[in-house]
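The values are calculated or read from the model by the stated rules, or taken from the named source; none is laboratory data. Here the structure is a predicted model, which is why all the values come from computation and not from measurement. Positions of Cβ are generated from backbone atoms using ideal geometry, with glycine treated the same way; all protein chains shown enter the neighbour counts.
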Amino acid sequence: MESFLRDAERILETAATAAETNGPQYVICISRTGSIRILSDVTGWSLPALALELGAAALYRVERQGARVQVEGWSYGRKCVVSRDAARTWWPQPHPSAYARLPLLEGSGASQNDLAPQVRNS
């Protein structure tokens, strides 16, 4: 899988797990040298124009609207849009102190520390 799309998916996962539900829109700028900048006041800029202005190799615009998170990615000759619902999962999460116990039974001649299966030929 191409790193451009993989980066967009990673940014989406991170933004979806953030605590804010209606945070501001921001753009993640990756320069040609690999440095990363996060810009919060880019209203009215298209991603290609912003890339030209900043000399960016790739840009990712992150938007949150209620429970929905969207990441729009742009790089020279490539663009993508990935989104997902950031709402909590519908299944209950296990309690941190909950755990399962499996007691080992003592068999004929075997101890609780002997985890190897017993095979007997008759």
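Quick check on residue 17: is it modelled with pLDDT under 90 and over 14 Å from the mean Cα position of the chain (by Cα)?
Answer is no for this residue.
State whether one or more residues within the stretch 26-36 are under 20 Å from residue 83 (Cα atoms) and surrounded by fewer than 14 Cβ atoms within 10 Å (Cβ to Cβ).
no
Can you tell me which residue among 57, 49 is of a type in the set (A, V, I, L, M) and either assigned to a strand (DSSP E or B) or within 22 Å of the chain's Cα centre (by Cα) (or both)? Step through it out loud before you land on a result.
Numbers: 49 fails: either assigned to a strand (DSSP E or B) or within 22 Å of the chain's Cα centre (by Cα) (or both).
Checking each option against the conditions leaves just 57.
Could you please give the count of residues in the stretch 54-98 that are modelled with pLDDT of 85 or more and polar (S, T, N, Q)?
3
Being among the small types (Gly, Ala, Ser) and exposed (fewer than 14 other Cβ atoms within 10 Å of the Cβ) is the filter here, so list the residues in the stretch 1-25 that pass it.
Looking only at the stretch 1-25, we keep the residues that are among the small types (Gly, Ala, Ser), and these are 3, 8, 15-16, 18-19, 23.
Within the stretch 1-25, 3, 18, 19 qualify.
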